[in-house]
2 protein chains.
Amino acid sequence: MDSAELLDLLGNENRRRILRLLATKPCYVTEISEYIGVSPKAVIDHLQKLESAGLVESRVDDQRRKYYYISENLRLEVRLSPYGFGAKSAYPASTRLDLTTCRHLSIDVNHDNGPDLSDLAKELNALEQLERELSMAQRWVQGRLTDVMEKLGEHFDERDARLFGGILSELADDGSDAESLARELDAPLPVVAEALEKLAEQGVVERVDDQWRLRS
Amino acid sequence: MDSAELLDLLGNENRRRILRLLATKPCYVTEISEYIGVSPKAVIDHLQKLESAGLVESRVDDQRRKYYYISENLRLEVRLSPYGFGAKSAYPASTRLDLTTCRHLSIDVNHDNGPDLSDLAKELNALEQLERELSMAQRWVQGRLTDVMEKLGEHFDERDARLFGGILSELADDGSDAESLARELDAPLPVVAEALEKLAEQGVVERVDDQWRLRS
């Protein structure tokens, strides 16, 4: 599901309360209705929206009573700064994800623990701590990104800083031609071409054939 | 600002479009209105909500025209799984945040670069890549957490897995008494006390005086 649909769903306090309740245990409509103090009809409306988005599912128990539970596993990240606004939703990665491909990050959590409960307890504790650390690191990175964008803003007109920053960041990895840069940055080619000429005048980038690159 | 207020604000497509536009450049009301195809009156309503929440601010330019820009810098993270639903919003950390306190995480980004533009370009590029890596790591952790909760669910009744998991995770760090556990887990003391007795019967935890701890 895309982040816009998810934000629309989560933009309702009662739906958030329903999800919070279902995350503690599967529930019948009457339980939800009593717990959050909303009519069964309204609860059913919310559940239908959550169900058609795939966030919750229902089953029927031995007494033929229908109960609801959370069926989805996902993350949503929203970043807002003077230099960017973006929301992305993603599904948790499988355990086989190869974190060794990370260039700037390394993680140390032993997850070859034994099968018994005290091993599981230790793993759960370590993962919860790692989760907090990753969240802290994300905030640190966002703070640094804003600082760097502000420094770039000292070199350019403020309205240009985002575009110029984008171009410089792309070229830091590898040389590129103007068409590819325009595509990557989702900006009109003439605007990108003009920005490249300005950066060349300042001696920051140079052109070799049709490839632009940072001057070292 | 708390995550509930932020989710309420972001649960509106036009407000998200306004933020996306303002993240590329500061704008007048007429510019926003034309760009997103919504009446100036409706745009002003949205801007007032965003302004009173502190997400945007306005200034008056040399021609006395009012323009709006994003004034806030924040992150929102939402996690949904069968075992938990939580949203948290946080402000980016200052550059002096000490990441060396992390037990499970280490980060390698040189941020003592020089002041010139090509250094800034390299730092921007490295930070953007680190941000993607952290996001990938967060998805991996969430996947692992769900796996561990499922394994715990094999040992207990499904309705108990979350509480028992919480208790075990707390005790993995250090011994604790029942009252403190109940407070940490926001659960009624009798429920926590009963769970501890069950875990003791299974030989997973033991009590020494009034302290409970994992049996190694």
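Can you confirm whether B:V205 is surrounded by 15 or more Cβ atoms within 10 Å (Cβ to Cβ) and of a type in the set (V, I, T)?
It is true that B:V205 is surrounded by 15 or more Cβ atoms within 10 Å (Cβ to Cβ) and of a type in the set (V, I, T).
So which residues in region B:60-81 are surrounded by fewer than 11 Cβ atoms within 10 Å (Cβ to Cβ) and part of a strand (DSSP E or B)?
The one that is surrounded by fewer than 11 Cβ atoms within 10 Å (Cβ to Cβ) and part of a strand (DSSP E or B): B:V60.
I want to confirm something. Restricting to region A:161-179 and keeping residues that are more than 9 Å from every other protein chain (Cβ to nearest Cβ), surrounded by fewer than 18 Cβ atoms within 10 Å (Cβ to Cβ) and out of contact with any strand residue (DSSP E or B) (no Cβ under 7 Å at 6 or more places or on another chain), which single residue is nearest to B:K122 (Cα to Cα)?
A:D174
Out of all the residues in region A:26-45, which are in a loop (DSSP other than H, G, I, E, B) and within 13 Å of A:Y69 (Cα to Cα)?
The answer is A:P26, and nothing else.
Considering only residues that are more than 11 Å from every other protein chain (Cβ to nearest Cβ), surrounded by fewer than 19 Cβ atoms within 10 Å (Cβ to Cβ) and in contact (Cβ under 8 Å) with a residue 24 or more places away in the chain, which ones fall in region A:180-191?
A:V191
When you scan region B:129-154, how many residues do you find that are out of contact with any Ser or Thr (no Cβ under 6 Å at 6 or more places or on another chain) and either more than 7 Å from chain A (Cβ to nearest Cβ) or farther than 15 Å from A:I107 by Cβ (or both)?
11
Test B:A90 against the stated conditions and say whether it is under 21 Å from the mean Cα position of the chain (by Cα) and touching a residue at least 60 places away in the same chain (Cβ under 8 Å).
Against the criterion (under 21 Å from the mean Cα position of the chain (by Cα) and touching a residue at least 60 places away in the same chain (Cβ under 8 Å)), B:A90 does not qualify.
Of these, A:Y35, A:Y67, which one is of a type outside the set (S, T, N, Q) and within 12 Å of another protein chain (Cβ to nearest Cβ)?
A:Y67
If you check B:E194 against the conditions, is it surrounded by fewer than 20 Cβ atoms within 10 Å (Cβ to Cβ), away from chain A (no Cβ under 13 Å), over 30 Å from A:L76 (Cα atoms) and among the acidic types (D, E)?
Yes: the conditions hold for B:E194.
Need the failing condition index for A:I18 against (1) within 12 Å of chain B (Cβ to nearest Cβ); (2) surrounded by fewer than 20 Cβ atoms within 10 Å (Cβ to Cβ); (3) farther than 19 Å from A:E77 by Cβ, just the number.
Going through (1) within 12 Å of chain B (Cβ to nearest Cβ); (2) surrounded by fewer than 20 Cβ atoms within 10 Å (Cβ to Cβ); (3) farther than 19 Å from A:E77 by Cβ one by one, A:I18 breaks only (2).
Using the structure shown, decide if B:V56 is surrounded by 18 or more Cβ atoms within 10 Å (Cβ to Cβ) and more than 8 Å from chain A (Cβ to nearest Cβ).
yes
Report, by residue number, each residue of region B:105-151 that is under 22 Å from A:R132 (Cβ atoms), touching a strand residue (DSSP E or B) at 6+ places or on another chain (Cβ under 7 Å) and modelled with pLDDT of 85 or more.
The answer is B:L130, B:E133, B:L134, B:S135, B:A137, B:Q138, B:R139, B:Q142, B:T146.
The values are calculated or read from the model by the stated rules, or taken from the named source; none is laboratory data. Here the structure is a predicted model, which means the values were calculated and not measured. Cβ coordinates were reconstructed from backbone atoms using ideal geometry, including for glycine residues, and neighbour counts include every protein chain displayed.
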